[in-house]
There are 2 protein chains.
Amino acid sequence: MIEIIPLTGIGEVQPGDDLADILRGALDRCGIETRPDDILVVTQKIVSKAQGRFVALDDVVPGDEAIRLADITRKDARLVQLVLDESSAIIRAVPHVLIARHRLGHVMANAGIDRSNIGAGTGDRALLLPVDPDATAASLHRQLAMPVIISDSFGRPWRMGVVAVAIGAAGLPALDDRRGEIDRDGRTLEVTQIALGDIIATAACLATGEGAEGIPAALLRGYAVAGASRPAADLVRPSNEDLFA
Amino acid sequence: MIEIIPLTGIGEVQPGDDLADILRGALDRCGIETRPDDILVVTQKIVSKAQGRFVALDDVVPGDEAIRLADITRKDARLVQLVLDESSAIIRAVPHVLIARHRLGHVMANAGIDRSNIGAGTGDRALLLPVDPDATAASLHRQLAMPVIISDSFGRPWRMGVVAVAIGAAGLPALDDRRGEIDRDGRTLEVTQIALGDIIATAACLATGEGAEGIPAALLRGYAVAGASRPAADLVRPSNEDLFA
C-alpha cells in the first residue's frame, strides 16, 4: 500500500528561510517518523520563495520583443519580458497563451512564472522558478536523508486541466528506464520508460492541492524505489528528438 | 491521508467476463471493506479484454494510406491500418512515431493500441481501447457504488517517459473546474481547472505499475471528491481550441 501524507502547518515561507529546517519541523509537528520507503515532495512555490525568486513587475522594462508578444497574447508586457528572460525559446504565442521552453528545458505556460499565492500584498510581484531545482532536491536529499521531488503544476497539449510534474529530483530515478524488460507473456514491454518523478509529483498533488489550501509538501510512503538517482532534467525530451515519441 | 491499495489476485481477464464481478471478488479477496471516500481505478487492458477488443493482425488488410504511413513510421502496416480505423486524425507520423487522435478524442501514440501483456501466444494480436470507456465507468459506478476511473498509460510531448491518464470516469468530476476560486491572498487562482481524473489515474499507477506486474486495478482511498460527476471526455481539449492553453 502507498500512502500520501500532507505536511501541514508550514507557514508562509520567506526569502532566506532554511527549507530543510522547515521541512524537518513539519515532519516533527505532524508526528511522522520517517521510514526508508518515504519520498518527500516539495512544491515549487516554497522553494522559489525561500530563494527569494520574487520580481517586482515595476522594475521590469519590456523590450521590443516582449511588447510584440504581449500584444499577441494580451498579457502584461513586463510579465512577457520575464518569460523571455527565463526561457531559451518561445514555443507558442496566441491570445491568452504563451508557452516557452524554460532555460531548465521544461516546456511550460509563462515559463512557469507564478502570480497567485505568492503572499499578501504582492499584486505587482511575480515568482520565478527556483534557480536549479535539481540541485535543491539534491541538497534536501542530503540533509533529510530521503528521496526528494520538487513539483510544479503543469498544463498539457491536447488535454484540459493541470496535473503536476517534477522539476527537481534526487535519490530516485526521475525517469525510470525499463527498456529491455520482458512482460508476463515473454514479449518485450512496449512501455519502457516511466516518468516516475512526474508520477510521484502528481500523486502528491492530491494531498497538496493546487496551492489554495496552503499545503506545500507531502510525504509519499510505501513506493519501493529501484534504480540510481537521476535528476528531473532527464524528464525533458531533448529538443533535437521528436515532439512526441 | 490518501491511500493507494493494489487489487491483487485478478487473473487473466477473458472476453465476456463480468468486470463488476471480477472487481467485487478482488475487493473481497483483498479483505477491503469499501468506504464512501474510495475511488476505484481500473486499467484499460482488462476493460478491453473483457470486451474482447482483440484483433488478429492477419485479418487486417492495410490500405494505401496505411502502407504509406507504415513506410514513414517503419511500423507494421496492419497495425497502422488499425490505428487509422480507430482514429479521427493522424497528428504526427515520423520514424517510429505515429500519434493519432483516437475517435474518443484522446491524442495517443498508436491510437492507444496495445501489443504487450495481452495474453500468452498472442504475438499476432493487438488490443484496441474499450468501445466507450466513459460508459463502462458509468456502468461500474452503478454496479459497485463508488467513483470509477478507467486509466491508460500515456506518452507526452516534450517530456520523456509515460504517466497515466483517465479515458473513462464516473462518480467524480474528471475535470474539476475551480474557475473563480480565490487564493489565500485574495487573488483569483491562476490554476483553475484540475485534471482530477488524470491525477487519480497517475497516482494509482504507482500501485498497478505499467502492466508487467499484473495488478490491473487499485483503490484510492481518502480523497474527498467534490463536484458533480463528469466523464473523461471532458479532459479532451476540443480540437478547435488551441493546442495548449
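Starting from a label point 7 Å past Cα on the Cβ side, list the distances from A:G214 to the same position in the other copies, nm, shortest first. Those label-point separations list as 4.9 nm. Normalising the Debye intensity of the protein assembly as shown to I(0), with uniform scatterers on Cα atoms only, and taking log10 at q = 0.10 Å⁻¹ returns -0.75.
At 7 Å along the Cα-to-beta-carbon direction for both B:T8 and A:I67, put a label point, then send me their distance in nm to one decimal. Going by the 7 Å Cα→Cβ label model, 6.6 nm.
Please get the size of the charge dipole for region A:54-129, origin at its Cα centre, with Cβ charges of +1 on Lys and Arg and -1 on Asp and Glu, quoted in debye to the nearest 20.
On the way: 9 positive and 10 negative charges, 63 e Å.
Computed about the Cα centre, the dipole is about 300 debye.
Relative to the other identical copies, B:R35 shows label-point distances of 1.6 nm, where the label point lies 7 Å from Cα along the Cβ direction and values run shortest first.
Sorting B:131-143, B:161-173, A:129-141 by average packing, meaning the other beta carbons within 10 Å per residue, from highest down gives B:161-173, A:129-141, B:131-143. Listed from fewest to most Cβ neighbours within 10 Å, the set A:D21, B:D85 follows the order A:D21, B:D85.
Enter the per residue convex hull volume of region B:1-73, computed from alpha-carbon coordinates, in Å³ rounded to the nearest integer. Could the numbers behind the result be given before it?
Working: hull volume 11.4 nm³, N = 73.
For region B:1-73, the hull spanned by Cα atoms encloses 156 Å³ per residue.
Set Lys and Arg Cβ to +1 and Asp and Glu Cβ to -1, take the dipole of region B:54-129 about its Cα centre, and tell me which of B:M108, B:I72, B:S88 lies farthest positive. Checked the options; the winner is B:M108. Peptide A:2-11 is shielded by partner chain Cβ atoms: per residue, an average of 3 of them sit within 10 Å of its Cβ. Computed per residue of chain A from DSSP H runs no shorter than four, each worth -39500 (n - 2.57), the mean residue ellipticity at 222 nm is -7500 deg cm²/dmol.
Dipole of the protein assembly as shown, Cα-centred, from +1 at each Lys and Arg C-beta and -1 at each Asp and Glu C-beta, to the nearest 20 debye? Provide the component values of the computation, followed by the final result.
Details: 50 positive and 68 negative charges, 73 e Å.
Dipole about the Cα centre, nearest 20: 340 debye.
If R0 is 60 Å, the Cβ-Cβ spacing of B:D21 and A:A228 corresponds to a FRET efficiency of close to 0.90.
Mind checking Rg over Rh on region A:33-95, alpha carbons, Kirkwood formula for Rh?
So for region A:33-95, dividing Rg by the Kirkwood Rh gives 1.21.
The Cα trace of chain A gives Rg and Dmax of 18.7, 62 Å, the first to one decimal, the second as a whole number.
Here region B:54-129 is treated as a sphere whose radius is the Kirkwood value from Cα pairs; by Stokes-Einstein at 20 °C and 1.002 mPa s it diffuses with a coefficient of 175 µm²/s.
Shortest first, B:A145 label-point distances to identical copies amount to 4.7 nm, with the label point at 7 Å from Cα along Cα→Cβ.
Taken together, the values in this text are just the output of simple stated rules run on the coordinates, not laboratory data. Just so we're clear, the structure is a prediction, and the values are computed from it rather than from any experiment. Positions of Cβ are backbone-derived with ideal geometry, glycine not excepted, and every protein chain shown enters the neighbour counts.
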